[in-house]
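What follows is one structure encoded as structure tokens, with my remarks underneath.
The values are calculated or read from the model by the stated rules, or taken from the named source; none is laboratory data. Note that the coordinates shown come from a computational prediction; the quantities given were computed from them, not determined experimentally. Neighbour counts are summed over all protein chains in view; Cβ atoms, including those assigned to glycine, are modelled from backbone coordinates with ideal geometry. Quick note on the areas: whole protein, heavy atoms, side chains included, nothing else; ligands and nucleic acids left out. Shrake-Rupley method; radii C 1.70, N 1.55, O 1.52, S 1.80 Å.
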Amino acid sequence: MATLCHTDTWIQDCFFDYYTSKILVIRSRKVGTLNRFTQALVIAYVIGYVCVLKKGYQDTDTVLSSVTTKVKGIALTNTTELGERIWDVADYIIPPQEDGSFFVLTNMIITPNQTQSKCAEVSHYGRHSVRTGRCVNYNDTVKSCEVLSWCPLEKIVEPPNPPLLADAENFTVLIKNNIRYPKFNFNKRNILPNINSSYLTQCVFSRKTDPDCPIFRLKDIVEEAEEDFQTMAVHGGVMGVQIRWDCDLDMPQSWCVPRYTFRRLDNKDPENNVAPGYNFRFAKYYKDSDGTETRTLIKGYGIRFDVLVFGQAGKFNIIPTLLNIGAGLALLGLVNVICDWIVLTIMTRKHHYKEQKYTYVDDFGLVSI
Amino acid sequence: MATLCHTDTWIQDCFFDYYTSKILVIRSRKVGTLNRFTQALVIAYVIGYVCVLKKGYQDTDTVLSSVTTKVKGIALTNTTELGERIWDVADYIIPPQEDGSFFVLTNMIITPNQTQSKCAEVSHYGRHSVRTGRCVNYNDTVKSCEVLSWCPLEKIVEPPNPPLLADAENFTVLIKNNIRYPKFNFNKRNILPNINSSYLTQCVFSRKTDPDCPIFRLKDIVEEAEEDFQTMAVHGGVMGVQIRWDCDLDMPQSWCVPRYTFRRLDNKDPENNVAPGYNFRFAKYYKDSDGTETRTLIKGYGIRFDVLVFGQAGKFNIIPTLLNIGAGLALLGLVNVICDWIVLTIMTRKHHYKEQKYTYVDDFGLVSI
Amino acid sequence: MATLCHTDTWIQDCFFDYYTSKILVIRSRKVGTLNRFTQALVIAYVIGYVCVLKKGYQDTDTVLSSVTTKVKGIALTNTTELGERIWDVADYIIPPQEDGSFFVLTNMIITPNQTQSKCAEVSHYGRHSVRTGRCVNYNDTVKSCEVLSWCPLEKIVEPPNPPLLADAENFTVLIKNNIRYPKFNFNKRNILPNINSSYLTQCVFSRKTDPDCPIFRLKDIVEEAEEDFQTMAVHGGVMGVQIRWDCDLDMPQSWCVPRYTFRRLDNKDPENNVAPGYNFRFAKYYKDSDGTETRTLIKGYGIRFDVLVFGQAGKFNIIPTLLNIGAGLALLGLVNVICDWIVLTIMTRKHHYKEQKYTYVDDFGLVSI
């Protein structure tokens, strides 16, 4: 440690001096055993835990991701209002494409043939319309305020149960995920190289039999999160499709594979929840033959699937390696401090050791204690 | 430090030797004070700053987030073109659902009844259409090139001021945010456990009185970012709703709460800005009774709200702790280097100390200086 | 290192004692050279590599980003079905606005005038409809199952080649990107302060001549990723527009500029690929004069552009600085261990040095070897 040189003719006399501590060797089994044991502990920690388990020798990077999804499936509904009706992808995916997320319509309250006009207010809905100031018949027995709005107003009803598009549980979704670790210039897709087109046309993800298939049945996703699809479909909800890419880039690239987990993201607890489930209103606009605009208002309930991609890649890097080795060496130095303390305060022959270890000097010369 | 053994009968003689430095104790108030003071500084830095303030003993993780939003409110417009008209959520949220972002229409230029046909070019607009090569009357006095386009063409006008949907300032939005720190398997929602449904149905966020309410009045969001809603509504803009989740997971989970801040994200500086504000064109498509397609083109100005979720969670972990302790110990070693330098070069009795500290040996034996 | 005090009258006698190792100075050119050389290596590593190259003295933060995009351009198509037709932004951007991503329609298969009814199944499409159980004429010679569906069914054909909106290659997109490094409270936009409005109205990004212009021609984006726009436009695809913000915040802020790169994100390899390219179905809904709903189904092929913003900012911080200095000092201590080993086991005069360096003591007193 003490690497300072103090003579006047510095370079020639002193630059090549090698400074090394004078050492007292204590031949005591007790201290020696303690010392070796503590050293072994520290070395085991640095090598075993920091290096092997936690990969302290690696630099890390977080994932950069792009996701596309493609849902397939068809649903049949049979209601008094609409009759028999087929729903395909163009009907139930809203909006038709999104980045890393898709919404599947599972239930709805439809209010057809709305026009901008005046009608009798529905009690609750009042604050969301503009009152004209007149009082009109709501039905044969009840009167209410007249409002300016899209009339007829949407009815305040609970969504149908069972849900209209109960068939949605059999829809499948192909999730294509492309990731990049920019620091290591590493790209990979979740459609692994060993998967061929014919397998992809017919496989469905299953944790046991097809863990690499990127096609998921919606019901399976919901059930893996320990939810019931039909119950969730009534009021809607938000599901997280979590793709974890934890990659050790010192290993073969084929070991770097995605792992899929599923989790419900919205709060289904009715206690602490306003607007439970997931729904939003949208409209289809039409024009009558006389040019007046009408719309069909749909309060759509459904499940939004958010694809959440995360993960960390590690690769050998000299800086974290030496940081950890340096910290380990410093800890080895700590071992000496502890052993010194034991030798010099606890052991019976401590005075004997002390005498040998320490030389005392004060401002006037050597002292003996 | 020097833990090497050099005898031949290694294990029995040498393995249990304990090596400890021989120490020179200098009984000098000056050096001692300096030494203790510097040591105190280093220890104060390691404990006070690294451990307490910066939580150097913690491993950290960044947030994974899912956001849903639900806007409420109704606006009344009264224009010569459209008459009195009510705008509800299905009219002014475009697209009807997005992931972590929502757009509120506040102003627009409407071009109704466009059909694919030919019409006289508007001067500026020329390069965005296809010319037929003929020259036709633009109005009674001016002629211009005929173009193939959706006719009539959109007029080149400034958006209305005050904005059409000036009422949008009173719209409210419920933001539901679900976060996850995957490394610590920690989930939380921004609707905190102590909030009940009845509070949620009527509360509005206010930094002073309701800092935990996840329902925001649009005007409040804009004003917290020190912007004027009505001004911003004319040309549109982009607002950032920043949710910060800084969590110390060694503390009770109830201390981990979101903090909301608001910031304008687009550039309102007219100097260094093309296409100021935020707008986009979209169309509603209709079919006439004779089957020709017409559309209503809307250049929609509005405010896009991006919900930006960020934050860092920390939790005790042995590796960063020992890394910092190790580095601290190494710095304590540096204290000795500094004190040695002072003792051996500055102090008056330096030669006295040097004599005691150093023993010189060259290739031929002991030397005395 | 050994800073423990052992006398009874602790404070007055011992607190101000300064403990310093007794040092053996070996005046040997060989060892001295080796020692200085190894020290120089370690110091060069710590200063040169860790500090200068890798900026180990900096704390880092990852970027928080908001992106808006605005596409410009017009396309002319001439098909037997639709005749001459102009496509503008409202027609080909779907949905009209997204967060950090935009989709440009380049090709399509249109199925007009679909209604909910019954028709003869197309062989492949069967599993996506609901069979009524009757057998009907598909054409003059072939019979097939009758299905309940949106009829007429979409034809199973390859998308047109060359693509319908081949003109899309000349569309331009303005990308506005606002970033924030929350830890350092640093904001910046990709429209740099030295860019003025008049430049922005006419510039187009070019790596050589206009590297700061945030307006990109779609063809240029695709070609920089070494793809052919017209080929990609037929089946669609996903392009990544990567914006890298690597900022050294110890330097002037004007040095912190975005760098643009482009990469194809979807897999064009036909071997290992189901549903190559990028397409989705959407519909425009109409109502006939008699109130029956019809729709035009569009299978839209196109290019989705994902704007991926990433980067890291660094700024001087005392903790990583001292961590690295501490680890460097610990490594310097390692140099001594290595030199000791050489001096005491390899050099010819090793016994001579050993005698001076070590003092042996066992449980009974001093020993001499």
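The set of residues in the range C:122-155 that are assigned to a loop (DSSP other than H, G, I, E, B), within 10 Å of chain A (Cβ to nearest Cβ) and modelled with pLDDT of 80 or more contains only C:154.
Among the residues of the range C:167-181, none qualifies, meaning not one is surrounded by fewer than 18 Cβ atoms within 10 Å (Cβ to Cβ) and basic (Lys, Arg).
Restricted to the range A:242-263, and to residues there that are closer than 30 Å to residue B:191 by Cβ and open to solvent by 40 Å² or more (accessible area, probe 1.4 Å), the residue that is nearest to the chain's Cα centre (by Cα) is A:244.
Conditions tested, residue by residue: (1) among the charged types (D, E, K, R); (2) under 21 Å from residue B:298 (Cα atoms); (3) within 9 Å of chain B (Cβ to nearest Cβ).
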| site | (1), (2), (3) |
| --- | --- |
| C:61 | yes, no, no |
| C:74 | no, yes, yes |
| C:87 | no, yes, no |
| C:102 | no, yes, no |
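Pairs under 9 Å by beta carbon, first residue closer than 18 Å to residue B:202 by Cα in the range B:217-232, partner open to solvent by less than 10 Å² (accessible area, probe 1.4 Å) and assigned to a helix (DSSP H, G or I), six or more apart or different chains? Listed by first residue and then by second, the contacts come to B:218/B:168; B:218/B:229; B:219/B:168; B:219/B:229; B:221/B:229. Here residue A:21 passes the criteria (1) without any contact (Cβ under 8 Å) to a residue 60 or more places away in the chain; (2) surrounded by 21 or more Cβ atoms within 10 Å (Cβ to Cβ); (3) small (Gly, Ala, Ser); (4) more than 11 Å from chain B (Cβ to nearest Cβ) except the one numbered (4). When you scan the range A:151-188, how many residues do you find that are hydrophobic (A, V, I, L, M, F, W, C) and out of contact with any Phe, Trp or Tyr (no Cβ under 9 Å at 6 or more places or on another chain)? Going through the range A:151-188 one residue at a time, the tally reaches 4.
Out of A:309, A:257, one residue alone is in contact with a Cys (Cβ under 9 Å, 6 or more places away or on another chain) and closer than 30 Å to residue A:67 by Cβ. It is A:257. Here the range A:76-85 is the region considered, the condition is being open to solvent by 20 Å² or more (accessible area, probe 1.4 Å) and more than 7 Å from every other protein chain (Cβ to nearest Cβ), and the residue that is farthest from residue C:266 (Cα to Cα) is A:80.
Residues that are in contact with a helix residue (DSSP H, G or I) (Cβ under 6 Å, 6 or more places away or on another chain) and either modelled with pLDDT under 85 or aliphatic (A, V, I, L, M) (or both) within the range C:35-49 comprise C:42, C:46, listed in sequence order. Only a single item in (1) more than 14 Å from chain C (Cβ to nearest Cβ); (2) open to solvent by less than 60 Å² (accessible area, probe 1.4 Å); (3) touching a Cys at 6+ places or on another chain (Cβ under 9 Å) is not met by residue A:115, and it is number (1). Condition test on residue B:175, is it assigned to a strand (DSSP E or B) and among the aliphatic types (A, V, I, L, M)? Yes: the conditions hold for residue B:175. Checked against (1) under 39 Å from the mean Cα position of the chain (by Cα); (2) at pLDDT below 80, residue C:369 passes all but a single condition, namely (1).
For beta carbons closer than 9 Å, sequence separation of 6+ or different chains, a first residue in the range C:78-92 that is under 13 Å from residue B:150 (Cβ atoms) and a second that is in a loop (DSSP other than H, G, I, E, B) and aromatic (Phe, Trp, Tyr), the qualifying pairs are C:89/C:171; C:92/C:171.
Considering only the range C:150-169, I want to know if a residue exists there that is in the same structural domain as residue C:214 (by the TED database), within 30 Å of residue B:265 (Cα to Cα) and not aliphatic (A, V, I, L, M).
Yes.
All conditions but one from (1) within 11 Å of another protein chain (Cβ to nearest Cβ); (2) part of a strand (DSSP E or B); (3) within 23 Å of the chain's Cα centre (by Cα); (4) under 29 Å from residue C:91 (Cβ atoms) apply to residue C:286; the one that does not is (3).
Screening the range A:214-241 for residues that are in contact with a Leu (Cβ under 6 Å, 6 or more places away or on another chain) and under 11 Å from residue A:264 (Cβ atoms) and picking the one that is surrounded by the most Cβ atoms within 10 Å (Cβ to Cβ) gives A:238. A single member of B:96, B:163 is closer than 30 Å to residue B:214 by Cβ, surrounded by 21 or more Cβ atoms within 10 Å (Cβ to Cβ) and not β-branched (Val, Ile, Thr), and it is B:163. Residues in the range B:26-65 that are of a type in the set (Gly, Ala, Ser) and either over 18 Å from residue B:312 (Cβ atoms) or loosely packed, with under 15 Cβ neighbours inside 10 Å (or both): B:28, B:32, B:40, B:44, B:48. Among the residues of the range B:184-199, just one is outside any strand (DSSP E or B), buried (at least 17 other Cβ atoms within 10 Å of the Cβ) and touching a residue at least 60 places away in the same chain (Cβ under 8 Å), namely B:190.
When the residues of the range C:290-323 are narrowed to those that are among the basic types (Lys, Arg) and over 25 Å from the mean Cα position of the chain (by Cα), which ends up least open to solvent (accessible area, probe 1.4 Å)? Step by step, filter the range C:290-323, then rank; the result is C:295.
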